[in-house]
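The values are calculated or read from the model by the stated rules, or taken from the named source; none is laboratory data. On a predicted model such as this, the values are computed, not experimentally measured, just so you know. In this analysis, Cβ positions are derived from the backbone assuming ideal geometry, glycine residues included, and neighbour counts consider all displayed protein chains.
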Amino acid sequence: MADTVTQLLSERTDDEGLAIVHDTGRWSWSEYLADARAMAAAVLAAADSSRPMHIGVLLGNSPTMLIAIAAGALGGYVTAGINNTRRGEGLATDIRRADCQILLTDAEHHSLLDGLDLGDCQVFDTSTDEWAARVAAAPELVPYSTPGPGDPFMLIFTSGTSGDPKPVQLAHMLIPFAGPPLIEKFGLSAVDVCYLSMPLFHSAALLGGYCVAATSGATMVPAKFSASTFLADIRRFGATYMNYVGKPLAYILATPEQPDDSDNPLRAAFGNEASDRDIDDFARRFGTMVWDGYGSSELAIIITREPGTPPGSIGKGFPGVAIHNPATLAECAVAEFDETGALGNAAEAIGELVNTSGAGMFTGYYNDASTTAERMREGMYWSGDLGYRDADGWIYLAGRTGDWLRVDGENMTAGPIERILQRMPEIGQAAVYGVPDDSVGDAVMVAIVPSGIGDLTPAALAAFLADQADLSSKGWPRYVRVSSALPTTATNKIIKRELKQEGATARTDEQLWMREPRGKNYRVSI
């Protein structure tokens, strides 16, 4: 039985079943892997074997991205998934931090690199004739290494308590580990079609989508997520399985319902962070099975919904998952609820989700021993997520520690957004924090004190944000609270917990500006 991605893919070398379907073409598994071997050979021919064999990929969901993922496994090197929503110096820092000696990109993303200092990193545009010639001229593939189960397959960026993204080492064993349970759960096989519209640089797509195809021989459809074209895509490609992370179900459900929505081939959807309502509505409307779970990018803690999961709960944890007080290190008390169902002992019951048995599937952050050690304290993995559990062991999320925000399925922190906002002369102070989103996760909110320079207006703020090349689209504040002063400590540090407690509101002497979830213009609410 395969225990690495390299072994898993190598078993499909002669598989003539369909691997990829895309508007640009179709690939059998044998053709897909032949292209991957050719790409790996071209990469290794240009690489420096004395440096870390880390190859970055700045690509969207496309056949080229899938080929690049397989090329790393077959070539025996580490693929670094670069977040293509990052901008400016943040993007450059990610590439340098992952020690990428080569970066593969394409015409769609190449311009994001303009003016950036990537250090000693070669950039190849895979959409050019020059790259095609390199691949054609490459010698037969001689892999750089033969990876073992615990060796890194990919570097996947997440966000850390410091505010800087951290590359998680995604071990080879995780793909063959994650695939079989999903295949068994949904009865999937080589005749199925996996719709991959979540970013393939993120672990959610790899461990919820790619793993299914790689272990079953099913067909992959790489796609860019769009709520408006989702159902047409499912029908056009005959997709029977999909994965999601964050709010895609909510976005899809926001489109006008049609009488024939359930007339589609989709049988199963797997993901995390969907609300109870969205899970039920999606299953009803599209006639499909939805299974939602919890898993950090580090894969040290896994929680899954089971039959009978109470409303609001994310399910029960794998062995070792518990909730501990980060100050005392003791396990938190079981939650007690009043007659209305409200949590009555929050102070004693809420704590941090941990893995008491150790790191689980987490093999550390690349080249960051101190941050890895911060996660691993007292022999336990500390997630940074807060939660509580009831007497039957059902777990409920209660938020996040520090400045973490979970926006549309991705973790981010407040600091980088604050620094961008403070570039605007009209802003004197800015405190960024998360408030509950309409459907799931966090919405970004900022409390602002004007500097008195110029006129701070909703239109001026929107224009300023649009000009910030290094601001991720997910970092745009949904709510803006304009105040004459913010609550501070004696040392002039802003007390964010008070702002969070008041939620998406403003006091009578303040203004609240709002923008639509997928828009960029603000309107005055109060």
Checklist outcome for this item: Filtering the range 134-144 down to residues that are out of contact with any helix residue (DSSP H, G or I) (no Cβ under 7 Å at 6 or more places or on another chain) and either of a type in the set (Val, Ile, Thr) or closer than 17 Å to residue 102 by Cα (or both) yields 142
Item to check | Out of 178, 136, sole residue that is under 26 Å from residue 28 (Cβ atoms) and surrounded by fewer than 14 Cβ atoms within 10 Å (Cβ to Cβ) | outcome: 136
Checklist entry - Which one is nearest to residue 61 (Cα to Cα), of the residues in the range 198-222 that are within 12 Å of the chain's Cα centre (by Cα) and not hydrophobic (A, V, I, L, M, F, W, C)? => result 199
Next on the checklist: Need pairs with beta-carbon distance below 7 Å; first residue in contact (Cβ under 8 Å) with a residue 60 or more places away in the chain and within the range 200-218, second outside any helix (DSSP H, G or I) and of a type in the set (Asp, Glu); sequence gap 6+ or separate chains.
Outcome noted: 217/15
Item to check | Qualifying residues in the range 285-310 (those that are in contact with a Gly (Cβ under 7 Å, 6 or more places away or on another chain) and free of Cβ contacts under 8 Å to residues at least 40 places away in the same chain) - the one surrounded by the fewest Cβ atoms within 10 Å (Cβ to Cβ) | outcome: 306
Item to check | Options 88, 75, 119, 115; residue that is within 20 Å of residue 41 (Cβ to Cβ) and among the small types (Gly, Ala, Ser) | outcome: 75
Next on the checklist: Yes or no: the range 228-251 includes at least one residue that is farther than 20 Å from residue 193 by Cα and acidic (Asp, Glu).
Outcome noted: no
Checklist entry - Which pairs have Cβ atoms under 8 Å, sit 6 or more apart or on different chains, and link a residue in the range 164-175 that is among the polar types (S, T, N, Q) to one that is part of a strand (DSSP E or B)? => result 169/152; 169/155; 169/365
Next on the checklist: If a residue must be free of Cβ contacts under 8 Å to residues at least 60 places away in the same chain and not in a loop (DSSP other than H, G, I, E, B), how many such residues does the range 425-459 contain?
Outcome noted: 12
Checklist outcome for this item: Within the range 157-187, restricting to residues that are in contact with a Cys (Cβ under 7 Å, 6 or more places away or on another chain) and small (Gly, Ala, Ser), the one that is modelled with the lowest pLDDT is 178
Checklist entry - In the range 270-280, is there at least one residue being of a type in the set (Ser, Thr, Tyr) and either more than 28 Å from the chain's Cα centre (by Cα) or at pLDDT below 90 (or both)? => result yes
Checklist entry - Looking at 215, 240, which one is in contact with a strand residue (DSSP E or B) (Cβ under 7 Å, 6 or more places away or on another chain) and at pLDDT 95 or above? => result 240
Item to check | Enumerated strands (runs of 3 or more DSSP E) restricted to the range 174-253, each holding at least 3 residues that are of a type in the set (Gly, Ala, Ser) | outcome: none
Next on the checklist: I'd like to check something: does the range 457-464 contain any residue that is at pLDDT 90 or above, surrounded by fewer than 19 Cβ atoms within 10 Å (Cβ to Cβ), aromatic (Phe, Trp, Tyr) and within 30 Å of residue 84 (Cβ to Cβ)?
Outcome noted: yes
Item to check | For residue 257: the one exception among (1) in contact with a Ser or Thr (Cβ under 9 Å, 6 or more places away or on another chain); (2) more than 24 Å from residue 321 (Cα to Cα) | outcome: (1)
